[in-house]
1. Quick one: which residue in B:LEU141, B:LEU115, B:LEU87, B:LEU107 is part of a helix (DSSP H, G or I), surrounded by fewer than 20 Cβ atoms within 10 Å (Cβ to Cβ) and not charged (D, E, K, R)?
2. Looking at B:VAL54 and the list (1) over 26 Å from the mean Cα position of the chain (by Cα); (2) more than 8 Å from every other protein chain (Cβ to nearest Cβ), which single condition is not satisfied?
3. If you scan the range B:187-208, which residues turn out to be closer than 22 Å to B:ALA225 by Cβ and of a type in the set (A, V, I, L, M)?
4. Here is a list of conditions, (1) touching a helix residue (DSSP H, G or I) at 6+ places or on another chain (Cβ under 6 Å); (2) closer than 22 Å to A:SER17 by Cβ; (3) of a type in the set (Ser, Thr, Tyr), and B:SER116 meets all of them except one; can you say which number that is?
5. Could you list all residues from the range B:11-61 that are under 23 Å from A:GLN8 (Cα atoms) and outside any helix (DSSP H, G or I)?
6. So if I check each of B:ASP109, B:ASP65, which one is more than 11 Å from every other protein chain (Cβ to nearest Cβ), over 25 Å from the mean Cα position of the chain (by Cα) and among the acidic types (Asp, Glu)?
7. Test B:ASP38 against the criterion of being farther than 30 Å from B:SER128 by Cα, out of contact with any His (no Cβ under 7 Å at 6 or more places or on another chain) and at the interface with chain A (Cβ under 10 Å from one of its Cβ atoms), and give yes or no.
Amino acid sequence: NAGEMVKQAKLLAMATSQLVNAIKGEAED
Amino acid sequence: MPVFHTKTIEAILDPVAQQVSQLVILHEEAQDGNAMPDLSNPVMAVSAAVQNLVKVGKDTANSTDDKILKQEMPPAFTGVEESSNKLAEAAMELKRDPYSSPARKKLIDGARGILSGTSDLLLCFDQSEVRKIVRVAKGVLEYLAVSEVVECLEDLVTFVKNLSPGMANMANKVTSRSKELTHTAHANGLINHTENLKRTTPVLVSSMKIFVTVLKKGGAGRDEAQQNRNYIIGCMSHDVNEIIRILQLTSADDDELS
């Protein structure tokens, strides 16, 4: 389960990163 | 910027934490005044990832024997789920009004909440792993106390046969743990106390052998031999107790290790 928790946390971090980029992309335009 | 307790957690969350910090700065400097694009897709991706993480977390909480982990995980689930809901609400509000300031604030709060909630969840799990190492260390501590009842060579052989694998197991686990910590003082503390134990284990065996030999030869010098052995047990017990204490520290406890 440790490996699966870390994997899902990484996927969430990636999704959050893409969301933040989408928000920032607008802000930096 | 948050301080992450382990290198695994840091590697996962630090890049996002930096991005969120930049976002907060942009928001505070009011540089995010343009119309917000439709965020439905990235917000849905976050929501799906949160659901997957929570599902794995719940499976873990259901299958573990660790009562503390069972207790501590649900609030962390709530934290990430509420933040995910906040992001969804913000995205809907921004779809209606792409300039909405409260919705932008909600977005940032949601992103921060995802970050801290994921950190809390990983930390809960990490602390459960720490408790497993602590159990091994407490086993060594209990076994060290047994050394005081060893009075013959046969018992000494049995004692050493049992102590050696227990001590090696603990040393391996503690050394691996020290490599995982981001806090250098905590990591060094674990390494130093483990090295002390590796050095003093043969000294303990030697002192026990002297004590057993003294008894066999009639008992002259018994008190000195016993005091010497007990002193070494005391030193080793101190090292194991310090390992247990340091293992349980988090990065927030910087001042604890003086």
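1. After ruling out the rest, the residue left standing is B:LEU141.
2. Failing condition for B:VAL54: (1).
3. B:LEU197, B:VAL203, B:LEU204, B:VAL205, B:MET208
4. For B:SER116, the failing item is (1).
5. B:LEU39
6. B:ASP109 is the lone residue from the list that is more than 11 Å from every other protein chain (Cβ to nearest Cβ), over 25 Å from the mean Cα position of the chain (by Cα) and among the acidic types (Asp, Glu).
7. yes
Quick grid of which residues meet (1) basic (Lys, Arg); (2) surrounded by 12 or more Cβ atoms within 10 Å (Cβ to Cβ); (3) part of a helix (DSSP H, G or I); (4) in contact (Cβ under 8 Å) with a residue 12 or more places away in the chain:
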site: B:LYS173; (1), (2), (3), (4): yes, yes, yes, yes
site: B:SER176; (1), (2), (3), (4): no, no, yes, no
site: B:HIS193; (1), (2), (3), (4): no, yes, yes, yes
site: B:SER207; (1), (2), (3), (4): no, yes, yes, yes
site: B:ASN228; (1), (2), (3), (4): no, yes, yes, yes
site: B:MET236; (1), (2), (3), (4): no, yes, yes, yes
site: B:ILE244; (1), (2), (3), (4): no, yes, yes, yes
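Coordinate-derived values only; no laboratory data. Fair warning: this is a prediction, and the values are worked out from it, not measured in the lab. Methodologically, a virtual Cβ is constructed for each residue, glycine included, from the backbone with ideal geometry; neighbour enumeration extends over all protein chains shown.
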